[in-house]
Amino acid sequence: MLTLHQAGFTTTPSIAPLDGTLRPGELLAIVGPNGAGKSTLLSMLSGFRPCEQGELHLDGKPLDEWPITTLANRRALVAQQELPGFDWQTFELVSLGSNPCSALVVELLHDLDLTHLAKRSVLSLSGGERQRVMIARGVCQLLSRRSSTAKDGGLLLLDEPTSALDIGQQQRLMRQLRAWAERHCMAIVCVLHDLNLASTYADQVWLLHQGRRIAQGNPAQVLTPRRIEEIYQVNINHIAREDLSPPQFLLAP
Amino acid sequence: MISSAPYVRHRYTLPLSRTTRVLSGLTLALIIALGWGAASGTLGVSPWSVFNGSASELSVQVWWQLRLPRLLLGVAVGAMLAGSGAAMQGLFRNPLADPTLLGLASGAGLFVALWIVLFQGSAAGSLYGQFAAGFLGALCVCLVVFGIAKRQGGGSAAVMSLLLAGLAINTLAGAGGGVLAFIASDEQLRQLSLWGMGTLTNALWRTTALALLLISVALWMLLRSAKELDLLQLGEATAHAAGLDATRLKRRVVVATSLGVGLCVALTGVIGFLGLLVPHCLRLWLGPGHRLLLPASMLGGALLLVVADTLARTLGAPAEIPVGLLTSLLGGPYFLYLLMRRNRAC
């Protein structure tokens, strides 16, 4: 679905050229220290900042050749928290950017545990609640604008979707993302800070550092204790479990 | 694995009944206000007597040549100022944006004054020249303000610098106006002060007809942007991903507001706070969706200006209070109240 050939930015903030593919139903986690270029890479993938070198294809067609409205049927972006200027109702805000049937909105609100907030003003919600509203909006855009001939559910880009969530909501959201990826055959890209979440739920992990991709592959390949200690400058205790489940990390005291 | 698209697409809009109810209610109120405005004035002519022929020749003349164009101009200017206020608030994603506050109106005013002083008496000094000058002035200010907003990104710092830029432009335009008044001849000075107070007195068919036409174009451009303005509220990156060409939207709204506000200023001088007051009150009532807010603001602005102008004509009759004075007296305290409420919320 999404393919990169030596795509990158030459001007600052720069991204060194990188290759990669993302298939429908896959969840890709982009991790790395602060200022590694994660959000910049995400804005390249969304086409908001077109790549300056190499090529970036969606469905085999260069991203900058897509008409902006057609592209919106195929990929949605949930940026980092931005306060909406006016007091939209939750239900209205989720419907922005598409003409969803109300059944879809109701379902998404239910999926993200927002049903009781449907009539509330988004400005009165907490940070975590608002974050889930914005995620619901992104998914709603993809599902309601999906054409009947589309073979997959499109591309969902999320910038730190768990930054304001408690651990229960983090788990619920990541499980929900997996469920959407599977049910709608959706490709999902998440910028994540929590390595344990990336390790537990992602199919693919890209580790960025200073605008360069240091490693890519499945979580166990990428998230090795030595690499993480080196790049994040951190002391960790690593839990490698015998049942081959994904590695987990604890901060050393 | 691959599921077929399970959701039937259909248009979600506000419940039709509500949109219709609100807009037709406002239209009705506007018609009533127009009826009242048409019937009252120094010379008591009822529109009824004009049509059934019982009024005197003079009354009929006054009604057709003075009162009717004035009412129509009030509708157009009110709709334009409030509509552009609503659109600019959407564009800047900030409820404090307003053509007067950001200096658009005073920038247009300075250009028009400059035009009057430089070209008065010559062919270029005609009202059409003033229209063009007003448009140019508003456009210049709009571009400056936009440059500042762009450099600052979003957030509260941007709001502050926008308001400060507006203040600077207003001060500058005020000083420029002072200089012009200083160097102007007596005749020019008379024309300047007649025009500058913010009144609808100068309504003549010749100018009103053209203004109505151009303002309708600007209003139509704004109405067409309603859905895109909604999208822009998501933030630029997200809105882009949702299919919004923000550059095109901005260009259209900037051109429409500059055209409209420039025209209004060239015709009536600066009528303050209408663009702030009306959309803000309506947003509290109707919510922030522009598909309803924009047309409702236009109707509400027209309504408010027609009522205010009728009051201005009748309160101190036979003298006349400049209507700009009246709206500023109304809007100034409201703006202060808004600021205080915002500070408390922080």
I need the helices (runs of 4 or more DSSP H) fully contained in region B:187-241, keeping only those with at least 1 residues that are within 14 Å of another protein chain (Cβ to nearest Cβ) and within 24 Å of A:ARG75 (Cβ to Cβ).
B:226-232, B:236-241
Test set (1) in a helix (DSSP H, G or I); (2) within 14 Å of chain B (Cβ to nearest Cβ); (3) surrounded by fewer than 17 Cβ atoms within 10 Å (Cβ to Cβ) - A:GLN81 fails condition number:
(1)
Taking region A:190-249, which residues are among the charged types (D, E, K, R) and surrounded by fewer than 16 Cβ atoms within 10 Å (Cβ to Cβ)?
A:ARG226, A:ARG227, A:GLU229, A:GLU230, A:ARG241, A:GLU242, A:ASP243
All but one of (1) in contact (Cβ under 8 Å) with a residue 40 or more places away in the chain; (2) at negative phi hold for B:ARG93; which doesn't?
(2)
Those helices (runs of 4 or more DSSP H) lying entirely in region B:27-144 with at least 1 residues buried (at least 21 other Cβ atoms within 10 Å of the Cβ)
B:68-92, B:104-119
Failed criterion for B:GLY78 (all others in (1) farther than 30 Å from B:LEU234 by Cβ; (2) within 14 Å of chain A (Cβ to nearest Cβ) hold):
(2)
Are any residues in region B:12-47 out of contact with any helix residue (DSSP H, G or I) (no Cβ under 6 Å at 6 or more places or on another chain), modelled with pLDDT under 75 and away from chain A (no Cβ under 14 Å), and if so, which ones?
B:LEU16, B:SER17, B:THR42, B:GLY44
Got at least one residue in region B:310-322 being in a helix (DSSP H, G or I), closer than 22 Å to B:LEU229 by Cβ and not charged (D, E, K, R)?
no
Within region A:39-65, work out how many residues are part of a helix (DSSP H, G or I) and within 14 Å of chain B (Cβ to nearest Cβ).
10
For the structure I just gave you, tell me whether A:PRO13 is more than 29 Å from A:GLU129 (Cβ to Cβ), assigned to a loop (DSSP other than H, G, I, E, B), touching a residue at least 24 places away in the same chain (Cβ under 8 Å) and within 14 Å of chain B (Cβ to nearest Cβ).
no
Scan region A:94-103 and tell me whether some residue there is surrounded by 19 or more Cβ atoms within 10 Å (Cβ to Cβ), more than 13 Å from chain B (Cβ to nearest Cβ), under 23 Å from B:LYS227 (Cβ atoms) and not hydroxyl-bearing (Ser, Thr, Tyr).
no
Only one residue in A:LEU45, A:LEU4 is modelled with pLDDT of 90 or more and farther than 28 Å from B:LEU232 by Cβ, so which one is that?
A:LEU4
Going through region B:226-251 one residue at a time, which ones are more than 18 Å from A:GLY47 (Cα to Cα) and among the basic types (Lys, Arg)?
B:LYS227, B:LYS250, B:ARG251
Output for Cβ contacts, cut-off 7 Å, separation at least six or different chains, first residue within 13 Å of chain B (Cβ to nearest Cβ) in region A:121-142, second of a type in the set (Phe, Trp, Tyr) and in a helix (DSSP H, G or I), reads A:VAL139/A:TRP180
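The values are calculated or read from the model by the stated rules, or taken from the named source; none is laboratory data. Because the structure is predicted, anything quoted here is derived from the model rather than measured. Using ideal geometry, Cβ is built from the backbone for each residue, glycine included, and neighbour counts are taken over all protein chains shown.
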